[in-house]
Structure formats: C-alpha cells, structure tokens
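Shown next, in structure tokens, is the structure this report addresses.
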Amino acid sequence: VHVRVIDRCRFPRDKLCGDTLNPGAVAMLDTLGVAGALHTRALPVLGMIVTGPRNARVAGRYGAGIQGAALTRRDLDVALLYAAMAAGAQFDDGLMVTGPLMHGTRVTGVRVRSTAGAENIRAPLVVAADGRHSRLAFGLGLSRCPKAPRRWAFGAYYAGVADVTAFGEMHIRPDGYIGIAPVPGGLANVCVVRDCSACRGQELHGDVIARAIGRDHLLRHRFAMAERVGSVRVLGPMAVESRGAGVAGLLLAGDAAGFIDPMTGDGLRFAIRGGELAAAAALRELHTGTPQHDSLDAVRRREFAAKWRMNRTLRALVGVPWGVRTAAALTTLWSRPVQALIPLAGDVAVARRLHQR
Ligand SMILES: Cc1cc2nc3c(=O)[nH]c(=O)nc-3n(C[C@H](O)[C@H](O)[C@H](O)COP(=O)(O)OP(=O)(O)OC[C@H]3O[C@@H](n4cnc5c(N)ncnc54)[C@H](O)[C@@H]3O)c2cc1C
C-alpha cells in the first residue's frame, strides 16, 4: 500500500508529554522493530513511585526483565518517522490539514494548507492520527470536548532536580497531580495537571509549575537547586470524547479517537496499538471496498474497554479532594494493592505476552 504521512509541524519538534513509554508500549515498539533505535537515546524506567497527601508513598517495580523507557517526544517521534519512511512511507511536513474532502458521506481525501498555499490531497483511505483536537474528527462531528473534566496540563524540563531515579513519579494532590520523569541529558520532565474550570487567562499563563512545586512540602526541597530549561508548555482542556472510530473512507487512531487524562501514562500504548488496529482495518477497507470504521470501533472496545474502565475509576477517584484523601489512606493502609496497580497501569501483561512470542 502506498502511504503518505503528512504533519503540520516540521520535525524534529517538541510535544508536551510526560516522555515515558510504559513497558507495554516499549514491547510493542520492539515487535515493530523500532525499539532498537530508541534504546540508544532512552533511559530505562523500572517502575513508578506514587505519593499522596499525608506522606503516603508507594514504590512499585514493573518486574524482572520488564522496563519502560523515558525519552523526549522530540527524539521518539523522529525515530518513528524514520521507521515509517524506511518502511516505504512518503513524508511531507509543514502541511496543515484544514478539513476532509467528501463525496457524499464518504471521505475521499483532505484539504491542506502550507506556505505554498492550499491543496487537495485525494486518497482511497484516510487515517486521522492528528491528536486530541483532530481537525478531521471534530470537523465530521465524531469528537467533542465534554463539559467535564476541564483539566489543563503544564509541562517543562528542569535541570538539577534532586533524587531523580529510574522510576517515574506521580504525586497526587487534592488540586491535581504532578508527574516527574527522568529524561536523557540529566533533565527531569515535570508535568502539572490541574482542574482549570475556574482558571482565568492570567492564571493559565503564570508559572503554574513553579507555584505547584513551591507549595508542595514533599517536592519543594528537591527543586531547591533546580532550574527550568526552556519554556512552560500549556495544553487544554485535555478531555475529548469520540463517538465511533471513523466514517466511510476515514479511520481514527491515537488521541484522535478520544483522550481523557494522562494520569496512567499509557496514552502512547493506546496510540501505538490503536495505530496497528487502524492499519489492519485500512487494509481490509482497501481490499474489500467495505467501510471498516464500525468493526474498528468494535475491536478497539474489545481490546481497550477493561483498561479504560480502570483508568476512569482511578481518575474519578483522584478528581475530587475527598477521593484523593481516600486514595492516600488506601496508599498508607494497603500499599500492596496500590503496588499491584502499577504493573496494570504499565501494561506489563502486554509486555510479557509480547516478550514470550
Ligand atoms: C501532559 C501530558 C503528559 C502525557 N504523558 C504521557 C506519558 O508519559 N506516557 C504516555 O504514554 N502518554 C502520555 N501522554 C499521552 C500521549 O501524549 C498521547 O496519548 C500521544 O501523544 C498520542 O499520540 P497521537 O499520535 O495520537 O497524537 P499526537 O502525539 O498529539 O500527534 C498528533 C500529530 O498530528 C499533527 N497534527 C495535529 N493537527 C494537525 C493538522 N490539522 N494537520 C496536520 N497535522 C496535524 C501534530 O503536529 C502531531 O505531530 C501525555 C499527555 C499529556 C497531555
């Protein structure tokens, strides 16, 4: 199949993300033959540290021989692009998709804009993998931003953070959470997620990360000598709901097919597996001429529903202050069950299954 990949950005480019691939995502990239290129640039992630109020703290390892990886999206996304091009895909950057081309109810390509002007690109099948605010999914009424949750994410790199280890960190607080991950070059990726339904523009543009760390008695001493490297990137509202996985001639993959919240650190695993499922559906649609968006939707639900349910429950629990206090109590009282959640969030079962093949 002739594949043409287009992106509005020029690469390499930065992307606001926690910069960790969970073990399931790493194993999937291994089976695709991509992980080798990453390992030279990535740091191993051996497990997660989760803290809550009242000094609750749990550290859980993914298990023997199982690792996640930390590397910047700048590096990861370029490695993925090179792999796609090495497999035969044509890549054009700097092309912004402005909407679908339609023939009746069927998508027959995309309209794009670039510095050279506007252009129509026709294709027998389009895969929209254009992220949370997918022009195509929103334009076709497949996605929308729900009224709640209204969480925003703020991310930056810091040098000189003390006690950064080979564990990812999730610090859950009554007003949101703070993720910290080691990244190559002696830096730490710091992401703060806040419910900003009541935030005004000024608050969104202030240094939310510095304020969150400065107020946090568990974290502020670790940042005493730390310095922010580069600017704070802001993104939100994060939640996007999708109904369906496409229309005739169009299939959704990755965040374009829906995104709620990055707390469980598995967005890339869903995106990579969602890409595989969309690719298989695309081949079927090209081969048979029969639209495959409904069957893609069904197979996505079958594969992802259990994990989506777990993620939703965790997010609901930490979405309100009483929930966070309960979660903190659970963490203090029952550290073993909380430890069991860490491999679940890390898709360790997926990693083990793929390693055994
Ligand atoms: C704060 C935060 C932290 C996160 N941390 C983690 C983590 O540690 N681990 C994890 O697994 N997941 C994490 N996630 C989730 C993860 O970032 C996403 O699930 C993942 O990036 C989805 O990949 P994607 O390819 O679908 O979308 P994206 O990575 O958003 O890629 C979409 C691409 O489409 C391009 N594009 C967009 N619009 C257009 C257009 N109109 N025309 C042309 N091109 C376009 C963009 O330039 C971009 O390159 C985090 C998310 C957030 C918000």
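The values are calculated or read from the model by the stated rules, or taken from the named source; none is laboratory data. Note that the coordinates shown come from a computational prediction; the quantities given were computed from them, not determined experimentally. FYI the Cβ positions are ideal-geometry reconstructions off the backbone, even for glycines, and counts take in every protein chain you see.
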Regarding region 279-298, can at least one residue be identified that is in contact with a Lys or Arg (Cβ under 7 Å, 6 or more places away or on another chain) and within 16 Å of the ligand (Cβ to nearest atom)? no
Taking region 106-120 as the region of interest, how many residues are surrounded by 16 or more Cβ atoms within 10 Å (Cβ to Cβ) and within 12 Å of the ligand (Cβ to nearest atom)? 3
In this structure, does R220 turn out to be at pLDDT 95 or above, in contact with a strand residue (DSSP E or B) (Cβ under 8 Å, 6 or more places away or on another chain) and not hydroxyl-bearing (S, T, Y)? no
Residue list for region 223-239, restricted to those being within 24 Å of D7 (Cβ to Cβ) and either of a type in the set (G, A, S) or more than 11 Å from the ligand (Cβ to nearest atom) (or both): G230, S231, V232, G236, A239
Can you find, within region 134-153, the residue that is nearest to the chain's Cα centre (by Cα) among those that are within 11 Å of the ligand (Cβ to nearest atom) and at pLDDT 95 or above? S134
Considering each of G155, G185, G179, G168 in turn, give the residue that is in a strand (DSSP E or B), over 24 Å from L296 (Cα atoms) and either touching a Leu at 6+ places or on another chain (Cβ under 7 Å) or free of Cβ contacts under 8 Å to residues at least 24 places away in the same chain (or both). G155
How many residues does region 292-324 contain that are surrounded by 15 or more Cβ atoms within 10 Å (Cβ to Cβ), in contact (Cβ under 8 Å) with a residue 60 or more places away in the chain and over 20 Å from the mean Cα position of the chain (by Cα)? 1
Take P44 and decide whether it is assigned to a strand (DSSP E or B) and either of a type in the set (D, E, K, R) or modelled with pLDDT of 95 or more (or both). yes
By residue number, the members of region 246-265 that are among the acidic types (D, E) and either more than 9 Å from the ligand (Cβ to nearest atom) or surrounded by 22 or more Cβ atoms within 10 Å (Cβ to Cβ) (or both) are D255
Residue check for R284: under 26 Å from L32 (Cα atoms) and within 15 Å of the chain's Cα centre (by Cα): no
For region 121-147, what are the residues that are surrounded by fewer than 19 Cβ atoms within 10 Å (Cβ to Cβ) and touching a residue at least 60 places away in the same chain (Cβ under 8 Å)? I121, A123, P124, G131, H133, R144, C145, P146
For the condition within 16 Å of the ligand (Cβ to nearest atom) and on the phi < 0 side of the Ramachandran plot, what is the one hit in W308, W322? W308
Only unsatisfied item for T72, checking (1) more than 25 Å from L344 (Cα to Cα); (2) touching a strand residue (DSSP E or B) at 6+ places or on another chain (Cβ under 9 Å), is (1)
Is region 240-254 home to any residue that is in a helix (DSSP H, G or I), in contact with a Leu (Cβ under 9 Å, 6 or more places away or on another chain) and modelled with pLDDT under 95? no
Total residues in region 19-41, condition within 15 Å of the ligand (Cβ to nearest atom) and not in a strand (DSSP E or B): 13
Can you give me the number of residues within region 1-18 that are more than 6 Å from the ligand (Cβ to nearest atom) and assigned to a loop (DSSP other than H, G, I, E, B)? 8
